[in-house]
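Asker: Can you read through this structure? Questions will come right after.
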Amino acid sequence: MEPEQAAERGRVIGLGGVFFKSAENKRLEAWYRENLGLRGGAGACEFQWRSHDRPEIERTTAWCVFPAGASYFEPSPAPFMINYIVDDLDAILEKLARAAVRIDPKREDHDYGRFAWIFDPDGNKIELWEPRG
């Protein structure tokens, strides 16, 4: 890796998902399916895409409507959460810590990637995802 590339580690490289809540999530899922053609299982769909910079790697952006009472976005009061794909989770978390960004101590590690959460100045929860490979 070139030195300038190493210095660039710790950045967002794509949109991993858009998640929001609805008091009538099943009705809303049906509306999106019927009117916009969004298809998938369990109230979610996935969009497959390839990066211009790395066309050999297939990426996925998830879209999902959660029930209004879902706790996944807590402690944020917002009815939505954005997931960003990052190139190096540890590097971006170090950078954000130096900038005094509020970081949730929780981490998750799955076969499809690593996850961490941060909060923007308005208190909106943001999910960071470093995919495997």
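Asker: Of the conditions (1) surrounded by 17 or more Cβ atoms within 10 Å (Cβ to Cβ); (2) closer than 16 Å to G16 by Cα, E58 satisfies every one except a single condition; which number is it?
Answerer: Condition (1) is where E58 drops out.
Asker: Still on this structure: Which members of the range 15-38 meet the condition of being small (G, A, S) and modelled with pLDDT under 90? So that I can check it myself, show each step before the final result.
Answerer: To start, the set of residues in the range 15-38 that are small (G, A, S) comprises 16-17, 22-23, 30, 37.
Residues satisfying the conditions are A30, G37.
Asker: Then there's this: Does the range 93-100 include one or more residues that are surrounded by 11 or more Cβ atoms within 10 Å (Cβ to Cβ), in contact (Cβ under 8 Å) with a residue 40 or more places away in the chain and under 18 Å from R59 (Cα atoms)?
Answerer: Taking every residue of the range 93-100 in turn, none turns out to be surrounded by 11 or more Cβ atoms within 10 Å (Cβ to Cβ), in contact (Cβ under 8 Å) with a residue 40 or more places away in the chain and under 18 Å from R59 (Cα atoms).
Asker: Go through the range 27-56 and report how many residues are aliphatic (A, V, I, L, M) and in contact with a strand residue (DSSP E or B) (Cβ under 7 Å, 6 or more places away or on another chain). I'd like the intermediate steps shown before the answer.
Answerer: So the first thing to find is which residues in the range 27-56 are aliphatic (A, V, I, L, M), and the list is 28, 30, 36, 38, 42, 44.
Next, only the ones that are in contact with a strand residue (DSSP E or B) (Cβ under 7 Å, 6 or more places away or on another chain) stay: 28, 38, 44.
Final tally of qualifying residues: 3.
Asker: Looking only at the range 19-54, count how many residues are charged (D, E, K, R), free of Cβ contacts under 8 Å to residues at least 12 places away in the same chain, farther than 22 Å from S71 by Cβ and not in a loop (DSSP other than H, G, I, E, B).
Answerer: The number of residues fulfilling the criteria is 3.
Asker: The conditions are (1) crowded, with 16+ Cβ neighbours inside 10 Å; (2) in a loop (DSSP other than H, G, I, E, B), and D122 fails exactly one of them. Which is it?
Answerer: Every condition holds for D122 apart from (1).
Asker: Would you say R59 is closer than 25 Å to I103 by Cβ, in contact with a helix residue (DSSP H, G or I) (Cβ under 6 Å, 6 or more places away or on another chain) and modelled with pLDDT under 90? Write out each step before concluding.
Answerer: On the way: closer than 25 Å to I103 by Cβ: yes; in contact with a helix residue (DSSP H, G or I) (Cβ under 6 Å, 6 or more places away or on another chain): no; modelled with pLDDT under 90: yes.
Answer is no for this residue.
Asker: Just to be sure before I move on: is S76 crowded, with 16+ Cβ neighbours inside 10 Å, in contact with a strand residue (DSSP E or B) (Cβ under 9 Å, 6 or more places away or on another chain) and closer than 21 Å to L128 by Cα in the structure I sent?
Answerer: Working: crowded, with 16+ Cβ neighbours inside 10 Å: yes; in contact with a strand residue (DSSP E or B) (Cβ under 9 Å, 6 or more places away or on another chain): yes; closer than 21 Å to L128 by Cα: yes.
It is true that S76 is crowded, with 16+ Cβ neighbours inside 10 Å, in contact with a strand residue (DSSP E or B) (Cβ under 9 Å, 6 or more places away or on another chain) and closer than 21 Å to L128 by Cα.
The values are calculated or read from the model by the stated rules, or taken from the named source; none is laboratory data. Because the structure is a prediction, the values reported are computed rather than measured. Cβ atoms come from the backbone with ideal geometry, glycine included; neighbour counts cover every protein chain shown.
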